[in-house]
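Here is the structure we will look at, set down as structure tokens.
Coordinate-derived values only; no laboratory data. Model, not experiment: these values are computed from the prediction. Glycine gets a Cβ as well: all are built from the backbone with ideal geometry, and neighbour counts include every protein chain shown.
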Amino acid sequence: MPVREQLADVNVVRGHIQKVVEGCRKILGLKGKFFIMDPETSAQDALLLWEKREEFDTYLKSEEYKASVLNICQGEPRVEV
């Protein structure tokens, strides 16, 4: 079952967020990440703070981004800078 379908289970959500938090500690230039999720609809949003734009651009091409964002989104995530 795809991760996005499993997000209806709050325990799966907690596990996923924990993995994301651990992975974020390793991302060069990431100063902070704030995550919001509506438990009724599984709608999500995140705010990431970066030291440099170049580090953010590198993150968008990384395996960490694919694992923590792309595999749970339906469609293409909206990114604003």
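Some notes on this structure:
- Every helix of 4 or more DSSP H residues in the chain counts as -39500 (n - 2.57), and over all residues that averages to -9500 deg cm²/dmol at 222 nm.
- Extension reserve of the Val81-Leu60 stretch, reckoned as 0.36 nm per residue once the Cα distance is removed: 6.3 nm
- Residue with peak Gaussian network fluctuation, the chain [Cα springs, cutoff 10 Å], from Ile17, Ile36, Ile27: Ile36
- Ellipsoid semi-axes for the stretch 3-70, based on the Cα gyration tensor and the rule √(5λ), read 23, 12, 10 Å when sorted largest first.
- In a reduced charge model with +1 at each Lys and Arg Cβ and -1 at each Asp and Glu Cβ, the chain shows a dipole moment near 280 debye about its Cα centre.
- Under 20 Å from the Leu28 label point (7 Å along Cα→beta-carbon), backbone N, the stretch 41-81: 48-68
- A simple spin-label model places pseudo-atoms 7 Å from Cα toward Cβ; at Glu51 and Lys19 they are separated by 2.7 nm.
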